[in-house]
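Chemist: Handing you this structure, nothing more for now.
The values are calculated or read from the model by the stated rules, or taken from the named source; none is laboratory data. All figures in this text were calculated on a predicted structure; none of them were measured in a lab. Ideal geometry is used to build each Cβ from the backbone, glycine not excepted, and the neighbour counts take in all protein chains shown. The area values use the complete protein model at the heavy-atom level, side chains included, leaving out ligands, DNA and RNA. Shrake-Rupley method; radii C 1.70, N 1.55, O 1.52, S 1.80 Å.
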Amino acid sequence: MKQKNYKSILLSTLLCGGLLLPSGRVLAEEELVVFDMDPMVITAQRVDTKELDTPASIEIYDAEKIEKSGGANAYDVLKNTLGVITQSQGINGASMGTMTSKLMIRGIEKGTLVLVNGVSVNLDGKYSLDNIPSESIEKIEVVKGGGAVLYGSEATGGVVNIITKKKMPNKVSVAGGNYGKQRYGISLGADKFNISAGLERRGKYAPMSGPGSVGSTTVYDYKKGKRESILWNYSFNDALTFTHSYSENQNIYEKKNFKTGKFAGANEYKNRDNNFLLSYDRDGWKATAAYGIQEKRYDQLSEKQKKSLYSWRKGHASNFDLQKQFEVGKNKLLLGASYQKEDMDLIGSDRKSKAVVNSNLQRDVYSLYASYDIALNDRSNLYLNARETWAVNTKGVQFNQKTGKTTSVGNDDLSKFTPEAEYIYRIDDDTSVYAKVGKSFRLPNLTQYYGTGLIYPALDLKPEQGTHYEIGYKKNTGKSAWRFALFSYKIKDSIDASVTYDKKGNLIDVDYINEDVRNTGVEVSCRTEHDENWSSNFGLMFGNPQVRNSENYGDEKWHSFHNKYQINFGLNYKADKFTGSLAGNFVGDRTSSRASLTAAQRHIKPQFFTDMHLTYAPESNHKFYLHVNNIFDRLDITSNSTSNFYNLGRNFVLGYEMNF
């Protein structure tokens, strides 16, 4: 109760304080719309480099692109990214407890490392993109392809770096739409101190899911949900900044029998993210010290409205990273070291003993990494990257409340060396080609090792390890930016779940096992500024993601899963006071990853996501906008499990923003 009162008081203070400030102040940078052919990126090489000079496939979301997405949070913004497939059980990426929304880069389901300001927010393999409001984001960089060499575990598919705003505009916003959706936001900016706060109510929607293909009769309606968030930072000087963010999500799903329509209870999920970051950047030195808390609670409501705790977990992550770049003649040497302490407290039910079990799981991970940039000549560079990782003190302690017995299990320490080589050649000032090959790896999650609730322990689980290849071509013309990438990878001992259901389709237990995954594909994209008013973009991705798992599939053959092709496009218009954009994202030849289904059942119909965003600014400090999502009112499957979860029907948000 105190926590809710604190947040309400702070939100009210921000709103009242904002309305009492003098009007007419507008940040000039918000009025500038620049078509940048070659933006700076920091994620791919850990240092500032031009996109054209970076040997990687990169998607960049700047402030203008984030606004055009109309997204309420990071998940919404990224859902139309080429080479990225999203998965969600609820509205705007809303999660169902540990079933959080996902970004699958190039067909790798559990290989996306999500960073916020360069610091990992993956905890036990979970990240909550719906907890990051779009109004607090300055830029997002998506680096596709295995990035574990420079960033460590979890990045077998790629890295997403979400960079929050350091300087906030003085702005208030309000929006509402159908299905009962509401959004409120305010931000205040000063020389050293900046803060923003937001409230989103997601409304309700039915049906949120339909029956799956294993006999389940349970389906879900989205009853209600909301997000509250606060982000603030304080800059001690140009080099040292402290940032704190807090967000809380609540989602309630009602269950009912598909055949009878009878109410069968409800599930309530609460997620809280609390992150602290101290960052330093000067004279080639970069350092971060971060502490994050991720809490997930799952309560069940019976048909008689009796509420009971089903599971709870609270994870803590301490992250420290230090790097320095040195000039070595014409070459550059980057050296760095990182440390992460990950621990989790869990409460869940043990299916075997039918007892409540308390668990504590923990692990320490140390890394040393290096990148040597060799200038072969004026037009070509060779990058030699390497990382050595040690995972130690991995252990789990579990207490069974029914038997009073405590068990403690440790796991062997392990180390992994991952090398990478990248080459880039600049044909001219506007054209470059690159090639790269490297190793990737991913540590098993702590709950995958030690189990919890329905998850069986798997102490013999092996870390993932893969080899990634990519060649690419980048060309900037006077008005267009062309990008081409051909990629191939094979991951050995990829970690996946072997799931058991009863005859009614209810989940019995989960056992994590190793399997092999591979994919070869191509991506082509182009963005063009036709004139001062019109611009467009399009992209095409084609691949063949496959999995081999004798335990799930019953043979040693390679089986297709996920999707084989993707087409996206965008058309944008801007005038003095008006802007408009239309975006589409078609995902075809989709196959469920659930091996228990027949070949016919595993086939999933294509997705076609569409968005339209319109803005009108009668004055420089006032703006109205309309965002329409799912223009064709399609019922697309966004996640395929015991139930098929659907996207929201045609929906809109009408909003107003005022700068002061």
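Chemist: Restricting to DSSP loop positions (anything but H, G, I, E, B) with no more than 13 other Cβ atoms inside 10 Å of their own Cβ, which trypsin sites (Lys or Arg not before Pro) remain in the stretch 180-235?
Modeler: Filter output for the stretch 180-235: 192.
Chemist: Quick one, what does Rg over Rh come out to for the stretch 380-525 if you take C-alpha atoms and the Kirkwood Rh?
Modeler: Looking at the stretch 380-525, the ratio lands at 1.16.
Chemist: Considering only DSSP states other than H, G, I, E and B, which GluC sites (Glu not before Pro) in the stretch 274-382 qualify as loop sites with at most 11 other Cβ atoms within 10 Å? Before the final figure, lay out each step's value.
Modeler: Details: sites: 295, 303, 327, 342; in loops: 303.
Taking the stretch 274-382 and a limit of 11 other Cβ atoms within 10 Å, the loop GluC sites (Glu not before Pro) found are 303.
Chemist: What's the local net charge at residue 222, with K and R +1, D and E -1, over the other residues with C-beta under 9 Å away?
Modeler: It works out to a net charge of +2.
Chemist: Further, regarding this structure: What is the percent of Cα-Cα separations in the stretch 506-660 that go past 29 Å?
Modeler: 39
Chemist: For a quick check of your reading of the filter: which trypsin sites (Lys or Arg not before Pro) in the stretch 324-431 sit in a DSSP loop and have no more than 14 other Cβ atoms within 10 Å?
Modeler: On the way: sites: 324, 330, 332, 341, 351, 352, 354, 363, 379, 387, 395, 402, 405, 416, 426; in loops: 330, 351, 352, 354, 379, 402, 405.
Answer in residue order: 330, 351, 352, 354, 379, 402, 405.
Chemist: Per residue, how much accessible area does the stretch 301-371 have with a 1.4 Å probe, in Å²?
Modeler: That works out to 54 Å² per residue.
Chemist: Output wanted: per-residue J couplings in Hz (rounded whole) for the stretch 122-134, from phi through Karplus 6.51 cos²θ - 1.76 cosθ + 1.60, θ = phi - 60°, x for Gly and Pro.
Modeler: Values, residue by residue: 6, 9, 6, x, 10, 9, 10, 5, 6, 8, 10, x, 5 Hz.
Chemist: Label points 7 Å out from Cα along the Cβ direction at residue 366 and residue 289: separation in nm?
Modeler: Roughly 1.9 nm, to one decimal.
Chemist: Under a point spin-label approximation (7 Å from Cα along Cα-to-Cβ), what is the residue 542-residue 337 distance to one decimal in nm?
Modeler: Inter-label distance under the simple model: 5.0 nm.
Chemist: Across the stretch 343-421, how many lysine pairs separated by 8 or more positions, or lying on different chains, have Cα atoms within less than 30 Å?
Modeler: 8
Chemist: Still on this structure, please answer the following. Can you quote the Å³ per residue value for the convex hull of the Cα atoms in the stretch 341-433, rounded to an integer?
Modeler: 151
Chemist: What distance in nm separates the two pseudo spin-label positions at residue 598 and residue 374, each 7 Å out from Cα along the beta-carbon direction?
Modeler: According to this spin-label approximation, the distance is 5.8 nm.
Chemist: Here's something else I'd like to know. Please report, in whole Å, how far the alpha carbons of the chain spread along each principal axis, starting with the longest.
Modeler: 66, 56, 50
Chemist: Something else: Leaving out same-chain residues fewer than 8 places away, which lysines sit with a Cα under 19 Å from that of residue 167?
Modeler: The qualifying lysines are 65, 139, 192.
Chemist: Here's something else I'd like to know. Based on the Cα gyration tensor of the stretch 95-189, what are the three equivalent ellipsoid semi-axes, each the root of five times an eigenvalue, rounded to whole Å and given largest first? Can you show the working numbers first?
Modeler: Numbers: eigenvalues 157, 63, 22 Å².
The answer is 28, 18, 10 Å, longest axis first.
Chemist: If you don't mind, another one. Extension gain residue 301-residue 567, at 0.36 nm per residue separation less the Cα-Cα distance, in nm? Please report the intermediate quantities before stating the final value.
Modeler: Values: separation 266, 0.36 × 266 = 95.76 nm, distance 4.17 nm.
91.6 nm is the gain from fully extending residue 301 to residue 567.
Chemist: Can you pull the percent of the chain's accessible area that's carbon plus sulfur, 1.4 Å probe, other chains left in place?
Modeler: So the carbon and sulfur contribution to the accessible surface is 57 percent.
Chemist: Related question: Taking only the C-alpha atoms, wrap a convex hull around the stretch 195-293 and report its volume per residue in Å³ as a whole number.
Modeler: Enclosed volume per residue, from the Cα hull, is 132 Å³.
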